[in-house]
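Since the structure comes first, as structure tokens, the remarks are kept for the end.
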There are 2 protein chains.
Amino acid sequence: MNLKELSHQIQKKCSFLCVGLDTAIDKIPDFLKKEEDAVLQFNKKIIDATHHHCVAYKINTAFYEAGGSKGWDILKKTFDYIPNTIFKIADAKRGDIGNTAKQYAKAFFQWLGADAVTLSPYMGEDSIKPFLEYPGKWAILLGLTSNPGSKDFQLLKIENEYLFEKVIKISSQWGTAENTMYVVGATKPEHLALIRKIIPEHFLLVPGVGEQGGDLEKVMSAGKNSHGGLLINISRGIIYAGSGADFAEKAGEKAQEYRIQMERFL
Amino acid sequence: MNLKELSHQIQKKCSFLCVGLDTAIDKIPDFLKKEEDAVLQFNKKIIDATHHHCVAYKINTAFYEAGGSKGWDILKKTFDYIPNTIFKIADAKRGDIGNTAKQYAKAFFQWLGADAVTLSPYMGEDSIKPFLEYPGKWAILLGLTSNPGSKDFQLLKIENEYLFEKVIKISSQWGTAENTMYVVGATKPEHLALIRKIIPEHFLLVPGVGEQGGDLEKVMSAGKNSHGGLLINISRGIIYAGSGADFAEKAGEKAQEYRIQMERFL
């Protein structure tokens, strides 16, 4: 999905919402756990209930890899189930040398059919370039993450700049705002504004609203641009909104609530 | 496999050799390509021919992920085929927030049965800690990589120190020399000596000898310590040494050659 199509979907749905399918088997409703392919059944019902309210799904590969090759099979079936009008993100945070990066690009863009994959930029340009060679596909680079450990290195100062600023300045030269996005945690809205100055045109994928404490309004105000420019990810706050037979309905309601909060910023 | 057992294997085999199973379907001998599970057949024959000469195998997950869930199945079967006296590394370069890191640890240590997994430390302490909670298992953190892109960020200077030095100093406090190793590329032996001063006790996993131009003697001189302290990875230079019916024999001969070169440093 290219920039124009993604912006169009945001305008059409009045939504910046990305639903995170970080589905853990121990967190899904008890009555579903007995089912064959319980995680896939759960994901399908969540997708059915939420896809009118969101413009993207972010699927965290770790939760599927923990189930081994069977988990990968569920990952693939989940991707296949998502309507093609919705932007599909493999949240994989890969990063390796050029010839290995080519294999990862093949895995996520060709085999899995993702529109985008999250990547760690610390191994440098040759670790990212192979992902930029697929038309209509995106590399989403770690800019500033939302976790406590982000302070360990990303907030180191280098000649009056944070390391994350240097990383964004340098890596944004490798591609364009039409094939590169950045992960920027919602837990640090003051830094989000700083990042928006460095890359006014790029889309930002923003995790950390909800469970991790990020403030939606602050994120919207600091991050929005003329294309939309934001994908706001909410995972646990939506997919685990209910735990009974009506879990999907509850998830749909939560997704709608978030969408309505976002709508007025358009 | 703990530190004592790994050191023992190095002494017993007089070898620091790690064979990299970065098996790409288009690089295996033509006569094998027609076989069902061609990559697995290839890996098994390579393991049969090389396991007397090496102390570790490093399996690059990207090459298996490119084959989707079937690729993950081959990855698992390859791990299962490796004798238990040999150290098994999942070269996955993962790195994500704490609750996701737990899922990755489950994938690589529990499902796959790896002794160690390579990790990117840039998301900080909470992204690494879950891997350090498994007795006898190891986190192998990216220290300084061997690729051209390593200069983009790893060689940035912060107050007279390289970023990679800061990363190693800080992250080596999260665990110990009994559960943490570092990836240090062979293409930069002068930096390897610098790293050895910061972490005299830790094992270093060293890629980049052979195809990428690293010099084995320089690496051995700068990197060895009293436990052994080195796992020298060679991938393409061994596994693709031959392309005919005798490919495994050729790989075995190459592995033996490298082992003999290493032996005199013990």
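Numbers for the structure displayed
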item: Scan of segment B:176-185 for residues that are touching a strand residue (DSSP E or B) at 6+ places or on another chain (Cβ under 9 Å) and modelled with pLDDT of 95 or more, ordered by number; result: B:A177, B:E178, B:N179, B:T180, B:M181, B:Y182, B:V183, B:V184
item: Of all residues making up segment B:124-160, the number that are of a type in the set (K, R), within 20 Å of B:V184 (Cα to Cα) and within 10 Å of chain A (Cβ to nearest Cβ); result: 2
item: Count of segment B:186-198 residues which are of a type in the set (G, A, S) and either out of contact with any helix residue (DSSP H, G or I) (no Cβ under 7 Å at 6 or more places or on another chain) or at pLDDT below 90 (or both); result: 1
item: Where A:K77 falls short, out of the listed (1) under 20 Å from the mean Cα position of the chain (by Cα); (2) farther than 24 Å from A:L3 by Cβ; (3) not in a helix (DSSP H, G or I); result: (3)
item: Test set (1) within 12 Å of chain A (Cβ to nearest Cβ); (2) within 17 Å of the chain's Cα centre (by Cα) - B:Q173 fails condition number; result: (2)
item: Unmet criterion (only one of (1) over 19 Å from the mean Cα position of the chain (by Cα); (2) of a type in the set (S, T, N, Q); (3) buried (at least 21 other Cβ atoms within 10 Å of the Cβ)) for B:N233; result: (1)
item: Search result, residues across segment A:246-266 that are outside any helix (DSSP H, G or I) and either of a type in the set (A, V, I, L, M) or under 21 Å from A:T118 (Cβ atoms) (or both); result: A:L266
item: Those residues of segment B:118-171 which are surrounded by 22 or more Cβ atoms within 10 Å (Cβ to Cβ), among the hydrophobic types (A, V, I, L, M, F, W, C) and under 24 Å from B:M1 (Cα atoms), in sequence order; result: B:L119, B:I128, B:F131, B:W138, B:A139, B:I140, B:L141, B:L142, B:I168
item: Out of A:T176, A:T180, A:T187, sole residue that is without any contact (Cβ under 8 Å) to a residue 60 or more places away in the chain and surrounded by fewer than 18 Cβ atoms within 10 Å (Cβ to Cβ); result: A:T176
item: Among (1) surrounded by fewer than 22 Cβ atoms within 10 Å (Cβ to Cβ); (2) among the hydrophobic types (A, V, I, L, M, F, W, C); (3) in contact (Cβ under 8 Å) with a residue 60 or more places away in the chain - the single one B:V19 does not satisfy; result: (1)
item: Check on A:I47, within 11 Å of chain B (Cβ to nearest Cβ), of a type in the set (V, I, T) and part of a helix (DSSP H, G or I); result: no
item: In segment B:64-82, the residues that are closer than 16 Å to B:D26 by Cα, crowded, with 22+ Cβ neighbours inside 10 Å and facing chain A (nearest Cβ under 7 Å); result: B:E65
item: Check on B:K151, in contact with a Gly (Cβ under 7 Å, 6 or more places away or on another chain) and of a type in the set (K, R); result: yes
item: Boolean, B:T118 is more than 7 Å from chain A (Cβ to nearest Cβ), of a type in the set (S, T, Y), over 20 Å from A:G67 (Cβ atoms) and not in a strand (DSSP E or B); result: no
item: Residues that are farther than 29 Å from A:A62 by Cα and either aliphatic (A, V, I, L, M) or at pLDDT below 95 (or both), drawn from segment B:30-68; result: B:D30, B:F31, B:L32, B:K33, B:K34, B:E35, B:I46, B:A49
item: Segment A:83-107, subset farther than 28 Å from A:L163 by Cα and among the hydrophobic types (A, V, I, L, M, F, W, C), residue nearest to the other protein chains (Cβ to nearest Cβ); result: A:A107
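The values are calculated or read from the model by the stated rules, or taken from the named source; none is laboratory data. Values in this document were obtained by computation on a predicted structure and should not be read as measured data. As a convention, Cβ positions derive from the backbone with ideal geometry for all residues, glycine included, and neighbour counts pool all protein chains shown.
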